Amino acid sequence: MKESITSLQNPLVKEILGVQQKAARRKSSGIFVAEGRREVSLAMANGFVSQHLLVCRELFQDDPNYPVLVDDATHNTVYVSRKVYNKLAYREDAEGIMIVGSQKTHSLKRIRLSDNPMILVLEGIEKPGNLGAVLRTADAAGVDALLLCNAKTDLYNPNAIRASMGCTFTVNVGICNTGEFIQWVTDSKLWKNRLPVVYATALQNSTNYMDAVFHGPVILAFGEEAQGLSEEMRRVASKAIHIPMAGSIDSLNLAASLAILTFEAVRQRRTAQNDCR
């Protein structure tokens with residue numbers, strides 16, 4: 001049986017703490033850290049390569065819904081003491097498993113779409129919790145891709161991974177700037193002369209989202225709550241839509257708005273598909 005790491009001064013422990021705490025370290029190292037059975041299982045099931053699998057024997061119990069083969073030699077399993085695990089984990093004494101994995105490449109060139117795609121775009125997102133909530137919605141709705149333009153938080157932020165419930169690893173994500181997105185979405189060769197309809201969320205000069213038609217290739221674009229979409233993004237949009245408010249405030253938060261519009265699009269598309277049968 002392997003001995004457990006018991007020292008907080010262990011080099012691997014220090015490396016993991018650095019990756020968790022610093023976006024620059026995550027970017028330069030190309031690795032991420034995620035804790036929990038669900039998160040680890042989903043990462044592995046979706047092709048993310050583990051560099052280390054940290055396991056606390058005192059805390060870990062397997063879950064048949066989210067299986068992890070901790071003794072598989074390909075995972076490079078490292079056992080750690082309870083003290084070390086709790087130093088590294090966000091939740092004390094929870095689940096006892098953590099992955100240190102290799103990040104994937106998220107360029108637009110690697111995005112693969114269906115014949116009738118539905119895509120979500122976030123421009124300038126800065127809150128990891130919002131990003132995590134959006135990833136959960138994207139997974140639940142089964143969208144083709146989620147594109148992050150000019151993001152101010154990174155996809156592998158531990159808080160984003162935690163808030164996503166592991167959907168960081170299940171959603172097809174592209175990362176780009178606004179200029180790259182505009183070039184991509186207006187490339188008629190890429191879209192085989194069937195350019196998608198781009199809906200921008202906006203309060204001014206927009207129509208009720210219930211009047212929008214989401215049947216064909218469609219992109220729903222959202223800006224960060226404080227700033228909204230950039231002028232460049234609004235110009236490339238085909239139409240502007242909003243969710244009408246019946247109370248005193250003029251808008252919902254980003255995650256709530258995105259969920260409403262996404263599932264309205266899903267509803268319409270499923271209805272149209274059923275009508276064609």
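Where a number appears in this text, it was derived from the coordinates with a stated rule and is not lab data. Computed from a predicted structure; not experimentally measured. Note: ideal-geometry Cβ built from the backbone for every residue, glycine included; neighbour counts use all protein chains shown.
Straight-line cross-link partners of Lys127 among the aspartates and glutamates, defined as a Cα under 12 Å from its Cα and at least 8 positions apart when in the same chain: Asp154, Glu224, Glu225. Backbone phi angles across the range 219-226, fed through the Karplus curve with coefficients 6.51, -1.76 and 1.60 (θ = phi - 60°), yield HN-Hα couplings of 10, 9, 10, 10, x, 4, 4, 6 Hz in residue order; Gly and Pro are listed as x. For the chain, the convex hull spanned by the alpha carbon atoms encloses 156 Å³ per residue.
Placing a label point 7 Å from the Cα of Ile249 along the Cα-to-Cβ line, no residue of the range 119-142 has its backbone N under 12 Å from it. Ranked by the mean number of other Cβ atoms within 10 Å per residue, highest first, peptides 163-169, 123-129 order as 163-169, 123-129.
Show that you can apply the helix-only estimate: for the chain, add -39,500 (n - 2.57) for every DSSP H stretch of four or more residues, divide by all residues, and state [θ] at 222 nm to the nearest 500.
Working: 9 runs with 90 residues, N = 277.
Dividing the helical sum by the residues of the chain leaves -9500 deg cm²/dmol.
Express as a percent, rounded to the nearest 5, the fraction of DSSP beta bridges in the range 108-275 (both residues included) that run antiparallel.
Numbers: 1 of 25 bridges.
Close to 5 percent.
For the peptides 217-225, 48-56, 237-245, 81-89, residues were scored by their other Cβ atoms within 10 Å and the scores averaged per peptide; the highest-first order is 217-225, 48-56, 81-89, 237-245. Kirkwood radius and radius of gyration were both taken over the C-alpha atoms of the range 92-227, and their ratio Rg/Rh is 0.99. Of interest is the spacing of the C-alpha centroids, which for the range 25-52 and the range 61-85 amounts to 13 Å. Sorted from greatest to least, the principal axis extents spanned by the alpha carbons of the range 158-262 come out as 45, 38, 26 Å. Beyond 32 Å between alpha-carbons counts as too far, so tell me which of Lys87/Lys152; Lys27/Lys87; Lys109/Lys152; Lys22/Lys109; Lys22/Lys192; Lys192/Lys239 fall in that bin. Long pairs (Cα-Cα over 32 Å): Lys22/Lys192.
At a threshold of 8 angstrom on Cα-Cα distance, excluding pairs fewer than six apart, so keeping six or more, what relative contact order does the range 108-275 reach in percent?
Working: 291 pairs, mean separation 42.4, N = 168.
Rounded, it is 25 percent for the range 108-275.
Using R0 = 35 Å, the C-beta based FRET efficiency linking Thr207 and Lys109 works out to 0.55.
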